[in-house]
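The next block holds one structure in the form of C-alpha cells; read it before the comments.
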Amino acid sequence: MKRFLVALITLVFISTNLYSAGIIKKYDSFKKITTYQSEAFDIEDGSYYLIAATGLNIDNAVYSLSVITVYYADSWRFYNSAYDSKGNKLKLIETGRDVDCSLNGCQYSEVLCFIFTKREFKAMKNGVTIKIYGRAGNNIIINIPGNDVKELIAAVNK
C-alpha cells in the first residue's frame, strides 16, 4: 500500500508543473490533453481564471476565461450576455449556479465560461475589457491585462 501511495504522489507531482507566472500545467494521460490554468485574479464579486487546453497539436489549443461570481442578494443576477470593449458579442456559457442561505441572507454564485480560438485569444495580447450583463440589471466589468494573456500563450508554446 505504501508503494502505491508513493507512486501515486510521484505521478501527480510529475504530471503537474507550476510555471513562474502562476500557471499550473496538468496532463491527463488517458485523454491525452494538457491544460494550463492561471492563478485566480480577483474582481468585484468574484474571481476569474484563464485556461488553455491542447491535445497533441498545440496549434489547435482552445482558450477560455472562467468567471466565478459570488454575491449576497435577494435573487439571482442571471448573467446572460457579454461584450468586449470593441463591441464584439462574446459567447457566454453558464456552467454552474449555487445558492447558500442562512438567517443573514443568501449568498449566490454563478460560474460563467467564455471560449476563444487561438486567434481570438492572441488578439487580446494587449489586454481586453469585458462587460458581463445580468438580466436582473447587474453588470460586471473585467479588465484582463495583456501580460496575463501573453503568459498563458507562452506556457502553451513551451
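FYI, it's all coordinate maths here, none of it is from the lab. Predicted model, so just to flag it, every value in this text is computed and none were measured. Cβ: placed from backbone, ideal geometry, glycine included. Neighbour counts: every protein chain shown.
Explain nothing, just the number: dipole magnitude of segment 37-157 about its Cα centre with +1 on each Lys and Arg Cβ and -1 on each Asp and Glu Cβ, in debye rounded to the nearest 20.
In debye, rounded to 20, segment 37-157 gives about 640.
GNM on the chain, alpha-carbon springs under 10 angstrom: the most fluctuating residue among Ile33, Ile140, Ile132 is Ile33.
For the residues Ala53, Ala73, Ala40, a GNM of the chain with alpha-carbon springs under 10 Å puts the largest fluctuation on Ala73.
Going through the cross-link list Lys86/Lys122; Lys91/Lys158; Lys31/Lys122, which pairs have a Cα-Cα distance over 27 Å in this structure? In this structure, Lys91/Lys158 exceed 27 Å between Cα atoms. Converting the Cα gyration tensor eigenvalues of segment 37-157 into ellipsoid dimensions via √(5λ) gives semi-axes, longest first, of 28, 15, 12 Å. Only helices enter the 222 nm calculation for the chain: every DSSP H run of n ≥ 4 contributes -39,500 (n - 2.57), and dividing by all residues gives -6000 deg cm²/dmol, rounded to 500. Highest GNM mean-square fluctuation among Leu65, Leu92, Leu56, for the chain modelled with Cα contacts below 10 Å: Leu56.
Taking amide hydrogens as placed 1.01 Å from N in the peptide plane, the amide H of Ile33 sits under 5 Å from those of Asp28, each at least 5 positions away in sequence or on another chain.
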